[in-house]
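All of the numbers you see were taken from the coordinates with simple rules; none came from a lab. Note that the structure is a prediction, hence the values are computed from the model and not measured. Note: ideal-geometry Cβ built from the backbone for every residue, glycine included; neighbour counts use all protein chains shown.
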Amino acid sequence: MIETIGLGRDFDGKVAVQDLNLRIDEGEVFGLLGPNGAGKTTTVRMLSCLIGQTSGTAFVGGYEIGKGKDSEKIRSMVGVLPESPGLYEVLSAYKNLDFYAQLYGVPRDKRERRIEELLRMLDLWDRKNEPVATYSKGMKQKIAIARAFVHDPEIVFLDEPTAGLDPQASLTVREFILTLKREGRTVFINSHHLDEVERLCDRIAVMRATALAIGSPRDLAADYWGRTTVIELSEPIDAMVDVIRRLPFASNVRLENGKILVDLDDPDLRNPEIVSALVAAGARVEYVSEFRRSLEDVYLKLVGGEER
């Protein structure tokens, strides 16, 4: 659905994006992470044909960016939430959405239904006729999100979709995105909210001009940190640590906060063997679980040192 091939862009000789290679499948929610200046917004602008590339190319829905009529087709089939809402504040929320729907050529009966649907989903229908200037920052952000979807696009690019939203509004937006996911839409998200991206996205890319790592949050955690099993016994017996250390496949066995932690190449295969060895040694095993590294752990390992 979206593929970039050596995609790059510089501004007056300063590199913003370089040799970016991504592939996002149809119906996937894909997250792009990176510090300020990493090239995330520039990537979205190139993919939505708002600016051109200086190297490489990309295909969106089978059409190539920077190719005349292909670019026009891409602009008509995608929705974009930019960094700032950019709304007509003297107009009402309804008239803002109606104006943009007309720009996309949405027939009147269809756009009326669509606008009502979006405003109700985002809890703004009761204030549809009030000028946007009277709205809070979070409400304006919701109208900008609705604008990105008003023409029922196949692909949507969302740049910081919950910026400025309170927790309840953020939840509404996340549920909205999950609804789109269930409908099979392709959603491309730029965000600094790591927990949000981890919950919403099938895969993510950590970026600094180019992609430093790509994969699901769980796979990236395993790739960069390995997998660790946590074992809880009825008593934290030091002797049991030695029992596990004698197993040839166990590494970095340690006792932390009364729990035994052990790094394994394949916990699904090795955990039963560990439990058998412990029971044979007289231990009473209460719990066996996997220590989960968060997306924040992965992100900080890749770019956090420089940011700090």
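Here are the numbers for this structure:
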{"item": "Long-range Cα-Cα pairs in the stretch 176-249 (distance over 22 Å), rounded percent", "result": "49"}
{"item": "Most mobile of 205, 283, 101 in a GNM of the chain (Cα contacts under 10 Å)", "result": "283"}
{"item": "Cβ-defined net charge surrounding residue 91, 14 Å radius [Lys, Arg +1; Asp, Glu -1]", "result": "+2"}
{"item": "For the stretch 118-184 and the stretch 47-103, distance of Cα centres in Å", "result": "17"}
{"item": "Correct choice for Cα Rg over 2.2 N^0.38 Å that was computed from the model, options (i) 1.06; (ii) 0.98; (iii) 1.25", "result": "(iii)"}
{"item": "Exceeding the 32 Å Cα-Cα cut-off - candidates 67/137; 69/110; 14/142; 140/301", "result": "67/137; 14/142; 140/301"}
{"item": "Under 9 Å, Cβ to Cβ, from residue 30 - net charge with Lys/Arg +1 and Asp/Glu -1", "result": "-2"}
{"item": "At 0.692 mPa s and 37 °C, Stokes diffusion of the stretch 224-292 via Kirkwood alpha-carbon radius, µm² per second", "result": "279"}
{"item": "Loop-located GluC sites (Glu not before Pro) in the stretch 58-113, at most 14 other Cβ atoms within 10 Å (DSSP)", "result": "83, 89"}
{"item": "The stretch 212-289: GluC sites (Glu not before Pro) falling in loop per DSSP and having at most 12 other Cβ within 10 Å", "result": "none"}
{"item": "Net charge, residue 135 excluded, C-beta distance under 14 Å - Lys, Arg +1, Asp, Glu -1", "result": "+2"}
{"item": "Cα lying deepest toward the dipole's positive end in the stretch 252-301, options 300, 277, 255, charges on Cβ", "result": "255"}
{"item": "5 angstrom amide H check on residue 15, placed H, neighbours 5+ away", "result": "none"}
{"item": "Amide hydrogen neighbours beyond the local backbone of residue 291, cut-off 5 Å, H modeled", "result": "228, 229, 230"}
{"item": "Packing-based order for 40-47, 51-58, using average beta carbon neighbours within 10 Å, highest first", "result": "40-47, 51-58"}
